[in-house]
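The values are calculated or read from the model by the stated rules, or taken from the named source; none is laboratory data. Since the structure is predicted, the reported quantities are computational estimates derived from the model, not experimental observations. Counting neighbours? That spans all protein chains shown, and the Cβs are built from the backbone with ideal geometry, glycine included.
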Amino acid sequence: MTDDIIEQIKQNVIQGRMDKEDEGFDGGMVGQPGVKELVQQALDMGTDPRRMVTEGLTEAMSIVGERFEAKDYFIPDMLASAETVGEAMDILAPHLAKSGMATKGKVIMATVKGDLHDIGKNIVSIILKGAGYEVNDMGADVTPERIVAIVTEEKPDFIGLSALLTTTMMAMKETIESLAEAGLRDKVKVIIGGAPTSAEFAAEIGADGYGADAFQAVRVVEELKQRS
Amino acid sequence: MPREGVLVHRIYERLSKDQMERIHNASMEILTRPGIMCYNKEAADIFSSFGAKVNALPSSGCWQVSIPEALVLGALETTPKVVKLGARSEENSLILDGSEPRVYFASGSETNIWLDMRVESFVSKSDGSVEIKLATFHPRRGMLADLCAAARLGEHLDNLDGFIRPVNIQDEDITEENKDVNKFFACLNNMTKHIMAGLTSLDKLDEVVRMAELIAGGKEELRRNPLISFITCVFKSPLQLVDDTTQKCIEITRRGVPLVISSSPQGGSTAPIKEDGMVAQINAEILGGITLSQLVSPGASVIYGSVPTRAGLDDLADTYGVPEFNNYNIDCVQMARFYGLPCYSTAGVADVKVPGIQATVERLFSQIVIALCGAQYIHYAFGLLDKTATFCPVQAVVDDAHIGMVKSLLRAPKVDEVEVAASLEQIRQVMTTPNKLFVRYIRPKLRSGEVTLPYPFEGDKVTDDVFIRAHERMQELLKRPVEHIPPETSERIFREVPGLLPRLNTYREG
């Protein structure tokens, strides 16, 4: 029974079906439980939340990743699946804490000062959450001061900074300098991304990594995590 | 269910109703004065017996025929407004309805040159560490095996709705005597879509029809599901009814097989370069052919076939990549619609000899526009280069993707009460979410085909690999199986239809 429900969670994550209102790929699945309902059902049945994460959510995302590489899946599919995992993680978080299973790490996400474009940052947030990270999304137009304050308070492992405009990308440099001035630079890894940025620019301003897209951002986070 | 093609929601038209009537009147005048020069005696007799004024011109070896408007209008009355083009698999049938702008795309037409592509590596002279891969193109004479490959490829091109052989078979053992049966069998045995072709030798007509009857399951079945059709260009422009093709038109019509009656004048050399003059003339020529067909066999399924081109200014060759080509063709589609007849039209030919930027611009230019005006059957749309002298299968694979995009472009918008209500609900729903993204809603539309997939031949962002990727795609498609003619039918065809080359027999041992 436990195996069955974990398998159902896995299949629904692969389909990106959030809840029973979701019609699924072929439109005929309205009314059937989605990830939200299934995770709750599994908890009610006493299923180990750690198994749900490792055998359900993680395995499902691995299959989704393979399908994306094979071009069977597109970004909307990845995002839908990642969203279901994020939702499942929100439900499971208190139970995982009780069972001693920590998240993969805490990430602060922000679009930098002066920039209101947040689509890319939102997508990275969803994918990171789907990959098992705890994500605190601070929104757009976030000043260096606010970032210093939240790093001081929440002690994240990573900061993801986004900018779409050439006129705002220098705020990334300003943010990194502010972290250094506050004595926090070696306490957190900074990853940047956004249309006008590049790996060279990241190196130039002293960031720890650069993600050309959401998936590369996750890979960079994983690599930095392994190195630390 | 026949193939869907694409039903164009709002057609583009150049000519106003008054202008179409003016063109019609001009065509009627042309058919009476100067009339047509008819080089086929039977046709002259037929016209004469139905009241046309016919004068023998012994010095020219022809008859001057003045066709009165009443004869043309009477013929238009009996000409079917809907023509079914059947197929070996009936779900691949096409319904050409003169009153409905449902567009089908087809290949064509008998080039002598087959253009192979190879992927080669080139090293930079200035920096030996820089190596790039490029497509190189290599022309050669087209052969029977190439025609089989083109049909197999066409079977797997999703947007190819009908097939006209794109390559002339020039094998040493192909003669005038056996060409028709072999070219038709090569097509029919390697694809299940509609096969349309010109006829090389009139005396092979019955053998080709017999082959089709055997595949269809008998004479009546072939009438119900005409899986082959013919094309005859009865006129040599300007206004000369050719003996050979006219006789073919008469005989094909008598056998009840659908027939495209086409004309292909060249604006500037064999027709006026002016749009009105060109269209009035080609319209007169096509109507002259249609009239003959209906006098021979009232109710015969014929299609208004327009292939007007413009003279090249450097060589007087047919030119396809110029705006005038589109203007002439759009007008012809409108004239066919004016009479309620389905139109066999033309788009997608590049004047340049090899695939590339010029070819893409020239082909898309006409593919979009001619489809937009609602031509029912657009031939020449796959792989043709060098003003129809060359066929490149890799180009056909690229065209298939582009035509898919054109079809998506022309679909009707879904704006009604239900759709708008669903969108409003979607917007309200998304506004309650933290990320405010509509991405989730792409998925069902992607799966249903309403949202188009990414460009299939995109490179790695820094190189243009279109032809390299299309080449890979072509190789993959050619490896896929096709449904051949069943063994017992194939055996009967080989027994009853003379001239078939044994190497075409899929079931031959050894």
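The residue list A:157, A:208 contains one member that is within 20 Å of residue A:106 (Cβ to Cβ), surrounded by 19 or more Cβ atoms within 10 Å (Cβ to Cβ), touching a residue at least 60 places away in the same chain (Cβ under 8 Å) and among the charged types (D, E, K, R), which is A:157. The helices (runs of 4 or more DSSP H) falling completely within the stretch B:425-510 that include 2 or more residues that are touching a Leu at 6+ places or on another chain (Cβ under 7 Å) and more than 14 Å from every other protein chain (Cβ to nearest Cβ) map to B:466-479, B:487-496.
Residues of the stretch A:91-113 that are within 14 Å of chain B (Cβ to nearest Cβ) and within 12 Å of the chain's Cα centre (by Cα): A:109 alone.
In the stretch A:118-125, the condition of being more than 14 Å from chain B (Cβ to nearest Cβ) and not in a loop (DSSP other than H, G, I, E, B) is met by no residue. Condition test on residue A:213, is it in the same structural domain as residue A:126 (by TED's automatic domain parsing) and over 11 Å from residue A:160 (Cα atoms)? Spelling it out, residue A:213 is indeed in the same structural domain as residue A:126 (by TED's automatic domain parsing) and over 11 Å from residue A:160 (Cα atoms).
The set of residues in the stretch B:352-380 being among the charged types (D, E, K, R) and either buried (at least 24 other Cβ atoms within 10 Å of the Cβ) or closer than 18 Å to residue B:279 by Cβ (or both) consists of B:363 alone. Only a single item in (1) modelled with pLDDT of 95 or more; (2) surrounded by fewer than 19 Cβ atoms within 10 Å (Cβ to Cβ) is not met by residue A:215, and it is number (1). Residue count for the stretch B:417-464, restricted to those that are more than 20 Å from residue A:119 (Cβ to Cβ) and in contact with a strand residue (DSSP E or B) (Cβ under 8 Å, 6 or more places away or on another chain): 1.
Tell me yes or no: at least one residue of the stretch B:316-330 is at pLDDT 95 or above, touching a Cys at 6+ places or on another chain (Cβ under 9 Å) and either crowded, with 24+ Cβ neighbours inside 10 Å or not assigned by TED's automatic domain parsing to the domain that holds residue B:231 (or both). Taking every residue of the stretch B:316-330 in turn, at least one turns out to be at pLDDT 95 or above, touching a Cys at 6+ places or on another chain (Cβ under 9 Å) and either crowded, with 24+ Cβ neighbours inside 10 Å or not assigned by TED's automatic domain parsing to the domain that holds residue B:231 (or both). Look at (1) modelled with pLDDT under 95; (2) of a type in the set (A, V, I, L, M); (3) crowded, with 24+ Cβ neighbours inside 10 Å and you find that residue B:349 fails only one, number (1).
Of all residue pairs spaced 6 or more apart or on separate chains, none has beta-carbon atoms under 6 Å together with a first member in the stretch B:496-510 that is at positive phi and a second member that is modelled with pLDDT of 95 or more and aromatic (Phe, Trp, Tyr). Taking the listed residues B:317, B:311, B:300, the one that is among the small types (Gly, Ala, Ser) and under 30 Å from residue B:42 (Cα atoms) is B:300, with no other qualifying.
Of the residues making up the stretch B:255-301, those that are in a loop (DSSP other than H, G, I, E, B), under 30 Å from residue B:84 (Cβ atoms) and over 18 Å from the mean Cα position of the chain (by Cα) number 5.
Against the definition (within 26 Å of residue B:500 (Cα to Cα) and either in contact (Cβ under 8 Å) with a residue 12 or more places away in the chain or part of a strand (DSSP E or B) (or both)), how does residue B:147 come out, yes or no? Here the answer is yes, as residue B:147 does meet what is asked. Look at the stretch B:329-347 and say how many of its residues are in a helix (DSSP H, G or I) and within 16 Å of residue B:17 (Cα to Cα). Number of matching residues: 9. Could you check the stretch A:13-27 and list, in sequence order, the residues that are part of a helix (DSSP H, G or I) and under 11 Å from residue A:87 (Cβ atoms)? A:13 - this is the single residue of the stretch A:13-27 that is part of a helix (DSSP H, G or I) and under 11 Å from residue A:87 (Cβ atoms). Cβ-Cβ distances below 8 Å connect the following pairs, each with a first residue in the stretch B:198-221 that is among the β-branched types (Val, Ile, Thr), a second residue that is surrounded by fewer than 19 Cβ atoms within 10 Å (Cβ to Cβ) and not in a helix (DSSP H, G or I), and a separation of six or more residues or different chains: B:200/B:176.
Which of (1) out of contact with any Ser or Thr (no Cβ under 8 Å at 6 or more places or on another chain); (2) more than 10 Å from chain B (Cβ to nearest Cβ); (3) free of Cβ contacts under 8 Å to residues at least 40 places away in the same chain does residue A:140 not meet, given it meets every other one? In the conditions (1) out of contact with any Ser or Thr (no Cβ under 8 Å at 6 or more places or on another chain); (2) more than 10 Å from chain B (Cβ to nearest Cβ); (3) free of Cβ contacts under 8 Å to residues at least 40 places away in the same chain, residue A:140 misses (1) alone.
For the condition within 14 Å of chain B (Cβ to nearest Cβ), of a type in the set (A, V, I, L, M) and either assigned to a helix (DSSP H, G or I) or in contact with a Leu (Cβ under 8 Å, 6 or more places away or on another chain) (or both), what is the one hit in A:53, A:30, A:39, A:64? One residue alone meets the criteria, A:64.
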